[in-house]
Amino acid sequence: GAACTDMDLVSSVMQNLTLLEQKLKKQAQEIQLKDRRIAELEEKMKTLQKGEDAPDPSTAEELETRCLQLQTQVWEMERFLNDYGLIWVGERHEQLEDLESLKDEEELPARSLWKPGEAVVSKHQIDFDLILENVKDLNVLAGEGVSQIEHTPGGARLRQPEPLPLTLYQNGIVMFDGPFRPYEDPSTQQCLQDIMDGYFPSELQMRYPDGIPLQVTDRRDVVFRERDLPGSFPGHGQVVGHSKSSEVQETAEIPGPKLSLEQLLNKFSKSSKHGEVIGVQGSAGAVQQGSGGVRSSEEILVETPRLSALERAKTAEEAEASAPDVCTLRIKSESGEQMYIVKMLFTETIGDLRQHLAHARGGDSDSYEIISTFPQRVYADNSRSLQECGLIPNASLLLRRR
């Protein structure tokens, strides 16, 4: 019995030793893993300590988003100024000069600095070869050479779309029959950028939603020069040490067909119908000046009850006494070729305005929308008065196809 007890003790001790050895091996492996993890964490700590002066990623994203918003706002403001023929010049600040000097000293990362105006193409970045190549592809998409069905009062006929003329000069472009648009103009840069990106110019989207073929005339060897104002210096300026190249020509003539005086007067006489009164002021010389390529809207005075009352006023005192409750609306048609002048009461509604326009235009009053450009707003409620819409005492509106 004593011998069996000793054997049991020996076997129990051996089992315990085996378990201890396994635990020791397992703990040694865990210690190695933890040492390796500690070393990795120490390397990360050193890296973080070196870059603790770097900006927070969230802060950098917020700054980049803010810069994008400001750039969009600047672009919208430049486009608004361009609608009125203005260009923002601005002043050079000392901060920009310091920033440029810093950029010269060390190269900054691509995303650390937002460069205003990157979306606008400068003159030296215009790829004319790409423009001419993309115009050919766009003309195919617009149906160049393909006849389309055009409905007429007596039936229908096949008609090919007339291409839109676009002339490239050395210092700018001319679209339609004018005016001349220099390359420094933001709208010109945006137009050419759209073509280089393979799209139709966005400025033609409202007028030609399905696209229009472009007939490009390459005259980049000619410098377009604006017509001189009366009394201006008739000669050419010279720069010391420079000679004028004989290869570059100058022109002030806008391409496109010109109307004679008789054709222009016939055009005005034909458009006087449906009770419309067209006011043509000035002498024949002024009419000739208008037919020299300068495109202007045809002003049409719409007959309204309030206009008739003002015309019946015999004296200036009567007209002045009845004037405070009358507003004058200048409304440009969808194509921009007509300008309707409407005189109405403050209390009259948008629906009354649609009726007056339908009587003058002889069309459907629901085929278009009445909008204002700045701020952009659509006047769709026919029951609201002109005073509630803020269209008093004067306002300029546009008609847009639905």
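Return yes when residue 181 is open to solvent by 30 Å² or more (accessible area, probe 1.4 Å) and touching a Ser or Thr at 6+ places or on another chain (Cβ under 6 Å) and no when it is not.
When the stated conditions are applied, residue 181 passes them.
Taking the condition of being open to solvent by less than 50 Å² (accessible area, probe 1.4 Å) and modelled with pLDDT of 90 or more, how many residues in segment 370-388 meet it? Outline the logic, then answer.
Taking segment 370-388 first, the residues open to solvent by less than 50 Å² (accessible area, probe 1.4 Å) are 370-372, 379, 385-386.
Checking the rest, the ones that are also modelled with pLDDT of 90 or more come to 370-371, 379, 385-386.
The number of residues fulfilling the criteria is 5.
Show the residue pairs that are 6+ apart or on different chains and have beta-carbon atoms under 6 Å apart, the first residue being within segment 134-160 and under 15 Å from residue 201 (Cα atoms) and open to solvent by less than 100 Å² (accessible area, probe 1.4 Å), the second being hydrophobic (A, V, I, L, M, F, W, C) and in a strand (DSSP E or B).
Qualifying pairs under 6 Å: 135/214; 135/216.
What number of residues within segment 60-76 satisfy the criterion of being under 19 Å from residue 191 (Cα atoms) and surrounded by 13 or more Cβ atoms within 10 Å (Cβ to Cβ)?
3
When the residues of segment 324-358 are filtered to those that are over 19 Å from residue 390 (Cα atoms) and either outside the structural domain of residue 395 (by the TED database) or of a type in the set (S, T, N, Q) (or both), which remaining residue is most open to solvent (accessible area, probe 1.4 Å)?
Result: 355.
Being touching a helix residue (DSSP H, G or I) at 6+ places or on another chain (Cβ under 9 Å), farther than 18 Å from residue 350 by Cα, at pLDDT 60 or above and not polar (S, T, N, Q) narrows it down to one of 319, 313, 309, 323, so name that one.
None of the other options fit; the residue is 313.
The values are calculated or read from the model by the stated rules, or taken from the named source; none is laboratory data. All values derive from a computational prediction rather than experimental measurement. Methodologically, a virtual Cβ is constructed for each residue, glycine included, from the backbone with ideal geometry; neighbour enumeration extends over all protein chains shown. Heavy atoms of the whole protein, side chains included, go into the accessibility calculation; ligands, DNA and RNA do not. Shrake-Rupley method; radii C 1.70, N 1.55, O 1.52, S 1.80 Å.
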